[in-house]
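Report on the structure given below.
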Amino acid sequence: MPRAALSAVACAALVLPFATGCVANTPAGSPAVGAGALKVDSSATACTLSAATAPSGTLTFSVTNSGSDMTEFYVLAADGLRVVAEVENLGPGLTRDLVMQAPPGAYVTQCKPGMVGEGIRSDFTVTDSGTPVGPTGHAAAQLAEAEESYAS
Amino acid sequence: MLANFLIGLREGLEAALVVGILVAYVVKTHRRDLLPAVWAGVGFAVAVSLAFGAALTFGPQGLSFEAQEAIGGSLSIAAVGLVTWMIFWMARTARFLKSNLQHGLDAAIEAGKRAVVMMALFAVGREGLETALFLWASAKATDTSTSPLLGATLGLAAAIGLGWLVYRGAVRLDLRVFFAWTGLFLVVVAAGVLSYGAHDLQEAGVLPGLHALAFDVSAAIAPTSWYGTLLKGVFNFSPATTWVQLAAWVAYLVPTATVFIRTTWGTPARAPRPAPVPAGVRA
């Protein structure tokens, strides 16, 4: 089996109970590749995003901790309270990817160096790209197939 | 490096302590034949976590935040159930020891290989995926610096070392003392795991009240300090605890500890108590 298919099947098997959990690391062929991939630099005093807007769909925040303490990165809803997505355990020098399916809307991003307090926040906007949010194409077909064979 | 060391220590500590106690229990009850079952559970959890972590880090498929929280949350709840079962398994053994019913003791220990495998599996697997993702992230960082990977590995090694020390200490204890204290310790650990699971569910939006804090002592116990790490690693103590977390913790701890103490220390009141002194006499 090709490596890509193997990995997709492994992921689907792991998260079958949470059927929408698998997201492509590199959404190949999608026009949103560049815009959906964002870089975040979290230092002791700053939280710098490569862009303040992104088109709806699969977003990948590549979060790098350039500080000297542990940090966390959150994507919060517009109210600044509800957690939409987070990545934790970001030790100094590490880069971790936060992958999320983002519908259009207003969000707040937050870096939390030292893991306490309000963190460093800024507004983030997801524009409507027209593409439906969630697994599509090959992955969706595989998921449906896996679900069907799981049920029978 | 210190920060990465502390993350590794925190993620590995609880699992190392639970496995240390489980091994001590198996050795003390002369069931060394169950040891391969323990290591099989540990090995399976480690292998699966590392494999999935690697597939998700380097493969073309990632895991969404919701799925990761859901996996962590449901494994935590399963782990609470298994640790609770382990506590009362030990308590039952302690009661038979007290009454010197050897055949009862044998029956209690006869929980079988599968139960032991499951306990080791869930103790390690609960945070396994999260730890593996952290480890692989530090492995990926080695082209710029090796210190994150070194720190993370040393942290995990320190956690295993502490688990081994607990094992060494526990096997030396008198059997009854061992059951009583490790049991109480595990009750507090399990309460922490439940409270951690509750917080995961709050973050995922399943439970409300993520921002309704019962107390916030982050200023005194920084989560990045070594003592904050130990408290978090062993008891899942969170310096900023929500009301829901506190409620889950108390709701588990109080009844479980009560039942456990009654089972282990409680003596049936066979001897008649001395008659109470009539009120008038004392004055």
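The values are calculated or read from the model by the stated rules, or taken from the named source; none is laboratory data. A quick note: this is a predicted structure, and the numbers were derived from the prediction, not measured. Quick reminder, even Gly has a Cβ in these numbers, built from the backbone with ideal geometry, and neighbours come from all protein chains shown. Just the protein is used for accessible areas: all its heavy atoms, side chains included, with ligands, DNA and RNA removed. Shrake-Rupley method; radii C 1.70, N 1.55, O 1.52, S 1.80 Å.
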task: Would you confirm whether any residue within the range B:175-190 is free of Cβ contacts under 8 Å to residues at least 24 places away in the same chain and more than 21 Å from the chain's Cα centre (by Cα)?
output: no
field: Matching residues, the range B:144-174, being open to solvent by 40 Å² or more (accessible area, probe 1.4 Å), over 14 Å from B:Thr57 (Cβ atoms) and within 11 Å of another protein chain (Cβ to nearest Cβ)
entry: B:Thr144, B:Ser145, B:Thr146, B:Ser147, B:Leu150
task: Being surrounded by 21 or more Cβ atoms within 10 Å (Cβ to Cβ) and within 14 Å of chain A (Cβ to nearest Cβ) is the filter here, so list the residues in the range B:239-270 that pass it.
output: B:Thr242
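Condition first: of a type in the set (A, V, I, L, M, F, W, C) and either within 13 Å of B:Ser76 (Cβ to Cβ) or in contact (Cβ under 8 Å) with a residue 12 or more places away in the chain (or both). Now tell me which residues in the range B:207-220 satisfy that. Don't jump to the end; show me each part of the working.
Narrowing the range B:207-220 to residues of a type in the set (A, V, I, L, M, F, W, C): B:207, B:210, B:212-215, B:217, B:219-220.
B:Leu207, B:Leu210, B:Ala212, B:Leu213, B:Ala214, B:Phe215, B:Val217, B:Ala220 - these are the residues of the range B:207-220 that are of a type in the set (A, V, I, L, M, F, W, C) and either within 13 Å of B:Ser76 (Cβ to Cβ) or in contact (Cβ under 8 Å) with a residue 12 or more places away in the chain (or both).
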statement: Checked against (1) at pLDDT below 90; (2) part of a loop (DSSP other than H, G, I, E, B); (3) among the β-branched types (Val, Ile, Thr); (4) more than 12 Å from the chain's Cα centre (by Cα), A:Thr26 satisfies every condition except (4)
query: Can you name the number of the only condition in (1) touching a strand residue (DSSP E or B) at 6+ places or on another chain (Cβ under 6 Å); (2) assigned to a loop (DSSP other than H, G, I, E, B); (3) of a type outside the set (Asp, Glu) that A:Gly130 fails?
result: (1)
- prompt: Which pairs have Cβ atoms under 6 Å, sit 6 or more apart or on different chains, and link a residue in the range B:239-262 that is of a type in the set (Gly, Ala, Ser) to one that is open to solvent by 30 Å² or more (accessible area, probe 1.4 Å)?
  reply: B:Ala240/B:Leu213; B:Ala240/B:Asp216; B:Ala248/B:Leu194
- line: Taking the range A:61-71 and keeping residues under 16 Å from B:Phe65 (Cβ atoms) and open to solvent by less than 20 Å² (accessible area, probe 1.4 Å) leaves A:Phe61, A:Val63
- prompt: Looking at the range B:23-46, is at least one residue closer than 27 Å to A:Thr71 by Cβ, surrounded by 20 or more Cβ atoms within 10 Å (Cβ to Cβ) and at pLDDT 90 or above?
  reply: no
